[in-house]
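I have placed the structure first, in the form of structure tokens, so that the comments after it can refer back to it.
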Amino acid sequence: MADAVMPVAHEAISPEEEIYLKHHFATPGQQMDADTLGMWTFLITEVLFFGGMFASYAVYRNLYYGAFASTSKYMNVTLGATNTAVLICSSLTMAMAVRSAQLSKRAQLIRYLFLTMIFGTIFLVIKAFEYHDKYVEHLIPGLGFQYEQFPQYEHNAQILFFLYFAMTGMHAIHMIVGLGLLSWLAIEAYRRKYNENYFTPVEMVGLYWHFVDIVWIFLFPLLYLIGDR
Amino acid sequence: MATIAHEIPQVAPEEVNYLNVEHGWKSWLLTTDHKRIAMLYLFSITAMFFVGGLMAVLFRINLLQPEGIFSPETYNRLFSMHGIVMVFLFLVPSIPATLANFLIPIMVGAKDLAFPRVNLLSWYLYIAGAAFTLYAIVRGGVDTGWTFYAPYSSTYSNSYVLAAAMGIFIAGFSSILTGLNFIVTVHKMRAPGMTWGRLPLFVWSNYATGLIQVLGTPVLAITMLLLAFERIAHVGIFDPNIGGDPILFQHLFWFYSHPAVYIMILPGMGVISEIVSCFSKKRIFGYNFVAFSSMAIAVLSFVVWGHHMFVTGESVYTGLAFSFLSFMVAVPSAIKVFNWTATMYKGSISFDTPMLYVFGFIGLFTIGGLTGLHLATLATDVATHGTYFVVAHFHYVMVGGMVMAFLGGLHFWWPKMTGRLYPEGWSKFSALIIFIGFNLTFFPQFILGYLGMPRRYQSYPPEFQALNVLSSAGASILGIGYLIPMIYFVWSWKYGPKAGNNPWGAAGLEWQIQSPPTTFNFDETPIVKEEAYNYGKLEEILG
Ligand SMILES: [Cu+2]
């Protein structure tokens, strides 16, 4: 094969870029492209993972609309809306973090990562209070579920509350994973790992974080705002 | 590909390759080399194949007598565990995680898959999933069938549903990661000149498989999770006591599990395309059609799941639509069969072992596919639903198709993977034994199903005994047929004659590098200047 193999013509790779290049990639551009496509593909699998629950929601909401609508009386829209705002802010700070990494602004990057983590934590704390309220009001299916105001809906409303806990719970688990990833990014940023030559992990975690936010954007109206109030 | 006439000079006797570059268990368990991970997978799935096979041996013994030998409870667990192990731990990872893992980076001219560490993670997830499932088996098994229908599985079954469901949940992620890795590798890691139109069809079919793995498996994962939760907490969305709909479980389950049928056959079709072209010494007939049909199968496979539920309270119009779409998905499969046949036409065919498996595949897959159309027809499905006709149909596709292709591919690429040849006589003999044993096992089941014998029963009316004994006898022949390659492959690994780099005179990048390959496959990134399967050119050069 010797005669046909020529050195592959590609853009020159600077020594700064070379240290971040994994052995099996030819160029930093190829590495970045592969990472990005991999992350998007992973997010598609996440869409389908949540999709199973959204499909179930659609089916039962059609079957038991009255029961589903009655649950809105028990949802704390104020806390839900606050959390929506908190997450939108966290998406902004995450985007700023990515921008700071691209501009090699290390201190700014760390600051924005911490802000994002703070917003994420606020979200989870509020969510925990909401879960606690549901527990106190006997609205957790399987834990002495009571639905005295609408006895006719007692059975079917449990399905909505089960979906509420399954969907927001799965979302919260994704938030916790995201917080772990952000802490890791902050440590790596502190070690001067990211600069304009290499910021792929910041960008990838950013994609993940935005995805988790978007899931909430769908969950909030579907779970909190079914019935008219 | 441009350099077919030139062989890399053999640096005898001790050349460095991916197998001998490092030694010790750590070098295997922490490897990120796609070829070593493929080997880890190969050992693991072979072990699972024999676990699943053992269950089959036991329930075929039970079916020798009309009144059965084991208790109905035991029998239910045997066939359930057989299905679960064979589907999720053998068939789904069989070709993608082994042959494709080994070959795709080489076929596209890359040093490795796009995410080597994710590839290793996928193997560990597989092992964790297998461990959960084996735990369920050791503790006494599962009796729900491989389909886990609720509410039996979520509420009433008195067996180890939870452990098995978690095993499938975890193994599912290993499948997702394999598919994700293939998709990104095919998109982003192709060598200069390796255009989409020059990709080997094996790569195309595994790319299509990757799409199904990525889009389907997450739905199975969440379904299993919801099921497990319902079983633990006794509350959930499939529970009819609170208005839950068990049919919803079936919809979600088959949304994955019908496309999964194509996870279990598309990679095999890719293997057949490679072998048929090589041993006919001809370019594949209608490359574009074969490549496109893989994509068509991947897309259509997602809109036919309702054909599993014709008699489960689905509306007539839904049934009509799913029936029509199920006929549609047969078209691209048929295109492939026609093209393989046309490839052989006027080719110089040689009857090496891999080619024998191709003949087996084409015949058996055609029978399996055509009987699938019987089941996609609403009226005939009502008669044959839940009978041995269904069992025979999917075994003709899964075993007669995929396992044949897997063995064919293993024989074809074994010299590349290990650098050794296997005994020609024994391999041909076992291919023949497998073909005979397979037909003897499963053809009687078509008749049994047609006569109305339902599947999943431990006992049966005495008039069915002759056909059942025939089937069990066939199963024992089939079992021996599978053991023979096990033995000679182990022998060949150590004592087989050296194979050289290209024992079959095959085209394709993988045959131009050293056998076994070095860790990074290529010394320098290859530049591809020709289409795949250029056997005409090859003949010219070799004279
Ligand atoms: Cu199907």
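Listed by chain and number, the lysines placed with their C-alpha closer than 20 angstrom to that of B:K111 are A:K22, B:K35, B:K188, B:K416, B:K529; residues fewer than eight positions away on the same chain are left out.
When accessible surface is computed with a 1.4 Å probe, chains B and A are found to bury approximately 3700 Å² between them, both chains counted. Three principal axis extents describe the C-alpha atoms of segment B:92-140; from largest down they are 47, 19, 10 Å.
3J(HN,Hα) couplings calculated from phi for segment B:24-37 with the Karplus curve 6.51 cos²θ - 1.76 cosθ + 1.60 (θ = phi - 60°) are, in sequence order, x, 5, 5, 5, 8, 6, 10, 5, 10, 6, 4, 6, 5, 5 Hz; Gly and Pro show x.
Protein heavy-atom accessible surface, 1.4 Å probe, per residue over the protein assembly as shown: 39 Å².
Per residue, the convex hull spanned by the alpha carbons of segment B:319-391 comes to 87 Å³.
Once both labels are positioned 7 Å from their Cα atoms along Cα-to-Cβ, the gap between B:A128 and A:A58 label points is 3.1 nm. Put simply, the amide H of B:T387, placed in the peptide plane, has neighbours under 5 Å in B:R455, leaving out anything fewer than 5 places away on its chain. Computed from Cα atoms, the angle from the helix B:316-344 axis to the main principal axis of chain B rounds to 30 degrees. The coefficient of translational diffusion for segment B:131-186, derived via Stokes-Einstein from the alpha carbon Kirkwood radius under 25 °C and 0.890 mPa s, stands at 198 µm²/s. The label point for A:K73 and the one for A:Q102, both projected 7 Å from the Cα toward the Cβ, are 5.1 nm apart. This model, with +1 at the C-beta of Lys and Arg and -1 at the C-beta of Asp and Glu, gives chain B a dipole about its Cα centre of some 440 debye. Ratio of Rg to Rh for the protein assembly as shown: 0.99 [Cα atoms; Kirkwood radius as inverse mean 1/r over pairs]. Rg and Dmax, both from the Cα atoms of segment B:357-511 and both in Å, are 18.7, 57. From its DSSP helices (H runs of at least four residues, each -39,500 (n - 2.57)), the protein assembly as shown gives a residue-normalised ellipticity at 222 nm of -22500 deg cm²/dmol. Kirkwood radius and radius of gyration were both taken over the C-alpha atoms of segment B:252-307, and their ratio Rg/Rh is 1.10. In the elastic network of chain A, a GNM with C-alpha springs shorter than 10 Å, the most mobile of A:A172, A:A97, A:A34 is A:A34.
For segment B:179-191, the Karplus equation 6.51 cos²θ - 1.76 cosθ + 1.60, evaluated at θ = phi - 60°, returns couplings of x, 4, 4, 5, 4, 5, 4, 5, 6, 10, 10, 5, 5 Hz by residue, with Gly and Pro reported as x. Shown in residue order for segment B:408-423 are the 3J(HN,Hα) couplings computed by the Karplus curve 6.51 cos²θ - 1.76 cosθ + 1.60 at θ = phi - 60°: x, x, 5, 5, 5, 9, 3, x, 6, 6, 10, x, 10, 9, 9, x Hz (x for Gly and Pro). Between the amide H of B:R420 and those of B:A499, distances stay under 5 Å, these residues lying 5 or more places away or on another chain, with hydrogens modeled in the peptide plane. Dipole magnitude for segment A:27-225: computed about the Cα centre from +1 point charges on Lys and Arg Cβ and -1 point charges on Asp and Glu Cβ, it is near 560 debye.
Coordinate range of the alpha-carbon atoms in segment B:378-436 per principal axis, descending: 52, 21, 12 Å. Along each principal axis, taking the top coordinate minus the bottom one, the Cα set of chain B gives 70, 46, 46 Å in descending order. Computed over the alpha-carbon pairs of segment B:40-162, the distance histogram in 5 Å steps reads 2, 11, 18, 18, 15, 13, 9, 6, 4, 3, 1, 0 percent, short to long. Taking the inverse of the mean 1/r over every pair of distinct Cα atoms in segment B:85-237 gives a Kirkwood hydrodynamic radius of 16.5 Å. Summary value for segment B:14-119: 38 percent relative contact order, contacts being C-alpha pairs under 8 angstrom separated by 6+ residues.
Based on alpha-carbon atoms, the Kirkwood radius and the radius of gyration of segment B:8-106 give Rg/Rh equal to 1.21.
Kirkwood-type hydrodynamic radius, segment A:55-166: 16.3 Å, calculated from all non-identical alpha-carbon pairs. Between A:S183 and A:V47, the contour length at 0.36 nm per residue exceeds the alpha carbon distance by 46.5 nm. With contacts defined as alpha carbon pairs under 8 Å and 6 or more residues apart, what's the relative contact order of segment A:27-225 in percent? Once normalised by length, the contact order is 34 percent. Across segment A:27-225, counting alpha-carbon atoms alone, Rg and Dmax equal 19.5, 65 Å.
The values are calculated or read from the model by the stated rules, or taken from the named source; none is laboratory data. These numbers come from a predicted model, not from an experiment. Using ideal geometry, Cβ is built from the backbone for each residue, glycine included, and neighbour counts are taken over all protein chains shown. The accessibility values were calculated without ligands, DNA or RNA, using every heavy atom of the protein model including side chains. Shrake-Rupley method; radii C 1.70, N 1.55, O 1.52, S 1.80 Å.
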